Amino acid sequence: MKTVIITGASRGIGKAIALTFAKHHWNLVILSNKSEEQLLETKKEIEDLGCQCLSFVGDVADQAFAPFVIEQTIQTFSTIDCLINNAGISSIGLMTDLTFDDWNRIIATNLSSVFYFSHSVVPHMVHEKQGCILNISSVWGEVGASCEVAYSASKGGVNAFTKALAKELAPSNIAVNAISCGAIHTSMNGWLTKEEENDLVEEIPAGRLGTPEEVGDLAYNLCNTSSYLTGQIVRMDGGWI
């Protein structure tokens, strides 16, 4: 049975990805920073589908967390077939109102964590000559968003990281890709009023927000295709950008 690690899996896109993999009978390792109760609820839903699941509460921005998770996963399941870097935070506001601490926290959570977890898992995947790394990014990493400078910068970094690491790992039969998400119906967009959400939907040719489940299906498909598909930033935005 294959094993996947998913960061930021207590709710939203991360949870949807986890449940999709569980429906296909993978072993799951799910992580969350603070939402322990929600993480345990997700774990129960996964186990109810007949899958084994480990859950860990910790900060992905902590350099020590990734090697701990990788070690525990290998001890339990012997293998890691896929890493999905999904954990992310955002901040809305003028760049000049962004504090240095806010900037560092967003970059550490959204970008540095991708490095920490990839750095920890790659030696195992190289040894096994197989594996995949999938990073959950954003269209703002491609085109930027007003009043989301730090978030946009972090996701732009994720996209560049994805393309560079893909070239490095292709000789080892390891695929590295990213999903560039558009407007997805999650709590991250919960600050929008109903009127603002309607205005946003009018800008999207598909005429609606995407669902976490749709991202979950795409994530599963990208992790279960030929390793010749690598270094790609796959945009999922209903034709928005």
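The values are calculated or read from the model by the stated rules, or taken from the named source; none is laboratory data. All values reported here derive from a predicted model rather than from experimental measurement. Backbone-built Cβ (ideal geometry, glycine too); neighbour counts: all protein chains shown. Quick note on the areas: whole protein, heavy atoms, side chains included, nothing else; ligands and nucleic acids left out. Shrake-Rupley method; radii C 1.70, N 1.55, O 1.52, S 1.80 Å.
The simple spin-label model puts a point 7 Å past each Cα toward its Cβ; for residue 98 and residue 143 those points are separated by 1.9 nm. Placing unit charges on each Cβ (+1 for Lys and Arg, -1 for Asp and Glu) gives segment 123-232 a dipole about its Cα centre, and among 232, 175, 211 the Cα reaching farthest toward its positive end belongs to 175.
Per residue, the convex hull around the alpha carbon atoms of segment 38-164 comes to 124 Å³. Using the 1.4 Å probe convention, the accessible area of segment 1-70 works out to 45 Å² per residue with neighbouring protein chains retained. Exceedance of the 32 Å cut-off in Cα-Cα distance is limited, within the set 43/155; 15/129; 167/194; 2/194; 15/194, to 167/194; 2/194.
Please report the carbon-and-sulfur percent of the accessible area for the chain; probe 1.4 Å, protein heavy atoms only, DNA, RNA and ligands left out.
Carbon and sulfur together cover 52 percent of it.
The phi torsions of segment 217-232, fed into the Karplus equation with coefficients 6.51, -1.76 and 1.60 and a -60° offset, translate into couplings of 5, 5, 4, 4, 5, 5, 8, 10, 10, 4, 5, 5, 8, 8, x, 9 Hz, rounded to whole numbers, with Gly and Pro shown as x. In a DSSP loop and with at most 15 other Cβ atoms within 10 Å, the trypsin sites (Lys or Arg not before Pro) in segment 134-241 are 208. Using only Cα atoms, tell me the angle between helix 12-23 and the longest principal axis of the chain; keep it within 0 to 90° and round to the nearest 10. Once rounded, the angle reads 30 degrees.
Stretching residue 195 away from residue 63 to a fully extended chain increases their span by 43.4 nm, per 0.36 nm per residue minus the current alpha-carbon distance.
For segment 1-92, a simple Cβ point-charge model (Lys and Arg +1, Asp and Glu -1, everything else neutral) yields a dipole of about 240 debye relative to the Cα centre. Computed 3J(HN,Hα) for segment 159-169, one whole-Hz value per residue from the Karplus formula 6.51 cos²θ - 1.76 cosθ + 1.60 where θ = phi - 60°, is 5, 5, 4, 4, 5, 5, 5, 4, 5, 5, 9, glycine and proline marked x. Charged neighbours of residue 107, selected by a Cβ distance under 15 Å, balance to -3 (K, R count +1; D, E count -1).
The value of relative contact order for the chain, using C-alpha pairs under 8 Å at least six residues apart, is 20 percent.
Karplus-derived 3J(HN,Hα) values for segment 120-131, using 6.51 cos²θ - 1.76 cosθ + 1.60 with θ = phi - 60°, are 7, 8, 4, x, 5, 5, 5, 4, 7, 6, 6, x Hz; glycine and proline are entered as x.
Shown is the FRET efficiency for residue 160 and residue 24, computed with R0 = 25 Å from the Cβ-Cβ distance and rounded to the nearest 0.05: 0.25.
Calculated accessible area for segment 140-190 comes out at 39 Å² per residue, all protein chains present (probe 1.4 Å; ligands, DNA, RNA ignored). Segment 59-98 and segment 199-241 have Cα centres lying 21 Å from one another. Amide H to amide H distances under 5 Å link residue 91 with 151, where only residues 5 or more positions off or on other chains count and H is placed in the peptide plane.
Under a 5 Å amide H cut-off, with hydrogens placed 1.01 Å from N, residue 55 pairs with 30 among residues at least 5 apart or on other chains. Basic side chains Lys and Arg get +1 at the Cβ, acidic Asp and Glu get -1 at the Cβ, and with that the dipole of the chain about its Cα centre reaches some 760 debye. Between the beta carbons of residue 128 and residue 52, assuming R0 = 25 Å, the FRET efficiency works out to 0.80 to the nearest 0.05. Treating the angle as unsigned and between 0 and 90°, give the value, to the nearest 10°, between the Cα long axis of helix 36-48 and the longest Cα principal axis of the chain. It is inclined by approximately 50 degrees.
Ordering 30, 131, 109 by Cα displacement along the dipole of segment 12-136 toward the positive end leaves 131 in first place; charges were set at the Cβ atoms of Lys, Arg (+1) and Asp, Glu (-1).
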